[in-house]
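The structure appears below as structure tokens.
The values are calculated or read from the model by the stated rules, or taken from the named source; none is laboratory data. These numbers were taken from a predicted model, which means no experiment stands behind them. FYI the Cβ positions are ideal-geometry reconstructions off the backbone, even for glycines, and counts take in every protein chain you see. The accessibility values were calculated without ligands, DNA or RNA, using every heavy atom of the protein model including side chains. Shrake-Rupley method; radii C 1.70, N 1.55, O 1.52, S 1.80 Å.
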Amino acid sequence: MNTKRMVGIVTMAIAMLLAITSASPVMAQDASALVEEIDTNMAELKGASEIIHEETKVIISGVESMPDEMKDTAKTVHLSSHALKHIEVYMDSYIGKLDTYKAEPEKNREKMLFTAGKIEALLRVYKDIVTASEFVTAMELPVTGKSPYDLTHILIENPDVQASPEAISAAGDVHTAVHDLGDAAQAMRLNLEELEYALEEAPASAPKESGSEVAESVGNIDKNMVELTEATATIHKQTDAIIGVEGMPDEVVAIAETAHLSTHGLEFIGVYMESSIGELDTYKAEPGKNKAKMLVTAGKIEALRKLHQDTIDSSDFVTTMGLPVTGKSPYDLTHILIENPDVQASPEAISAAGDVHTAVHDLGDAAKSMRLNLEELEDVLAELEGPTTTAATAPTPTADAPGFEAAFAIAGILAVAYMVFKKN
């Protein structure tokens, strides 16, 4: 009997110990440390991209008699760094939100998951701009078919570059920075995954009505993606038609070409959006179980949607990438096209410009609708039952960690239990 009492007391003490030491202060420590690591990763990415930007400039314009082929190679890498700088603005903004949320991770769990997804999506695009050939090919930069990563190796191995002390020094710095960028991107990805894991909840059961609401929201997001894709294809095709009209002034052709190349950027981003929406379609069958994953994925889509919309609504992308006409958004340029007398004088051109104008507005409507549907999905997911935090990531308490005093309290309980046991 006494042994049973002892076992009961010990069991209760252990339960109390687990309950106290796995509480939110431990998770708060984890989340705060990981966000700081992500801050550090971002600083490393920006430092590396700045070196790539500045040192490729040296090869392009700072070295006399450099062959045009090598200048084009360096210019491609240089313009790719412009895209990196463009995306960094968005990443900095989202990391700033994480810095705000980390003070109360339990309260801001859903917001932190959503924001981590945003950063993760942009990080993938960011890394692919350097390590894959798709972006340089999509944007028709001087040298296509090879990634900036590959082009930096071509630069550093070229005899003309090697023959110039200034050029080989710059190429060496670019080469190092490209590898540093890859390392920082990999580290950030791992830290984001660890943060998501630290914030993740144990599987929960979702009410049937919540599951149907989630499925409906995801279905609406699917439809928005179809609308965005169709509008982009129309702008792409019809700006091409204006470019091909005989006798069209160069100024008008340049405007149409800027809007056209902007759709290349939209198509590039669209691939990532479709991939993430495909993930949502998989997770929606079990929204309670996949709540954390769905929040992260919804964050990914929202970040890409914002980047997609700004590519057409803002002048930043066309200016950053040095397209034929800078300082105005593609949205504004389509209105300039439709109002131009030379375009209006050509039945083929005005028809195409009218289609472009309609498609630009359709694209904006679809983007706005997707934003609202993503917000609705986030709200529905937040309302799902929130079970206790998974304790797998909780570290062992130390003298400096929250819960150490609790461990001493439980030890006292065990001591009393031992004395009762000994007395009886």
* Examine the range 93-104 for a residue that is among the aliphatic types (A, V, I, L, M) and either open to solvent by less than 20 Å² (accessible area, probe 1.4 Å) or part of a helix (DSSP H, G or I) (or both), and state whether such a residue exists. => yes
* **Exclusive hit being farther than 18 Å from Asn373 by Cβ and buried (at least 24 other Cβ atoms within 10 Å of the Cβ), set Val325, Val318, Val296** => Val318
* Residues that are free of Cβ contacts under 8 Å to residues at least 12 places away in the same chain: which helices (runs of 4 or more DSSP H) entirely in the range 241-325 hold 2 or more of them? -> 250-283
* Structure fact -> In the range 137-170, anything open to solvent by 40 Å² or more (accessible area, probe 1.4 Å), of a type in the set (S, T, N, Q) and under 18 Å from Val58 (Cβ atoms) is listed as Gln162, Ser169
* Structure fact -> When Val174 is run through (1) of a type in the set (A, V, I, L, M, F, W, C); (2) within 23 Å of the chain's Cα centre (by Cα); (3) surrounded by 20 or more Cβ atoms within 10 Å (Cβ to Cβ), the failure sits at (2)
